[in-house]
Amino acid sequence: MFNDIGALELVTLVVLAVLVFGPDKLPKVIQDVTRTIRKIREFSDSAKQDIRQELGPEFKDFEFEDLNPKTFIRKQLDNDELGLKEIRNGFDLKKEMAEVTDAVHGRDPEGSSSGSSSSGSTGSSGSGSGRIDMSKKPEPSDRPAADDRPPFDADAT
């Protein structure tokens, strides 16, 4: 319950409790607090038992901790009924990113045979290896002349 409290913080809390309640009333306050915590836990356990009984036998394995969205998603992803582990293990993110980076920069990937196995009729420009040149090179006819101005549209402004 108090996993993140250090020794210095605990000593500070004890000193503060002694100052606020006094050494005479402190044992009585501690007993009252522990009794209240115990009653709250018993009430919580009783409510959980009542809910489990009302849900029926098909929810006998139901855990209230599964209502936390992080726990629920983690439990569902660890479940191997969907075959997610096989998909996750078959996907190499570093390899895929390296292939994309090589394609963007126009380099030939060293170890990939999937890029060079496709036929050369995919619209590659100039290189007969079947690769698509993804570098942006404007055609000479697309460049406007130095003294040409773009058309002015009065309705657009």
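The values are calculated or read from the model by the stated rules, or taken from the named source; none is laboratory data. Everything numeric in this text was worked out from a predicted model, so none of it was measured. So basically every Cβ, Gly included, is an ideal-geometry build from the backbone, and we count neighbours across all protein chains shown. Just the protein is used for accessible areas: all its heavy atoms, side chains included, with ligands, DNA and RNA removed. Shrake-Rupley method; radii C 1.70, N 1.55, O 1.52, S 1.80 Å.
Here are a few things to note about the model shown:
To keep it simple, each residue is scored yes or no on (1) in contact with a strand residue (DSSP E or B) (Cβ under 7 Å, 6 or more places away or on another chain); (2) among the hydroxyl-bearing types (Ser, Thr, Tyr); (3) at pLDDT 90 or above; (4) closer than 28 Å to Phe64 by Cα.
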{"site": "Ala7", "(1), (2), (3), (4)": "no, no, no, no"}
{"site": "Val11", "(1), (2), (3), (4)": "no, no, yes, no"}
{"site": "Val15", "(1), (2), (3), (4)": "no, no, yes, no"}
{"site": "Val29", "(1), (2), (3), (4)": "no, no, yes, no"}
{"site": "Val33", "(1), (2), (3), (4)": "no, no, yes, yes"}
{"site": "Ser44", "(1), (2), (3), (4)": "no, yes, yes, yes"}
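- Close pairs (6 angstrom Cβ cut-off, 6 or more residues apart or separate chains): closer than 18 Å to Lys75 by Cα in the range 49-65, at pLDDT below 85 anywhere: Glu65/Thr71
- Single residue of the range 1-29 satisfying the filter (in contact with a Phe, Trp or Tyr (Cβ under 9 Å, 6 or more places away or on another chain) and hydrophobic (A, V, I, L, M, F, W, C)) that is surrounded by the fewest Cβ atoms within 10 Å (Cβ to Cβ): Leu10
- So Ile37, is it open to solvent by less than 80 Å² (accessible area, probe 1.4 Å) and outside any helix (DSSP H, G or I): no
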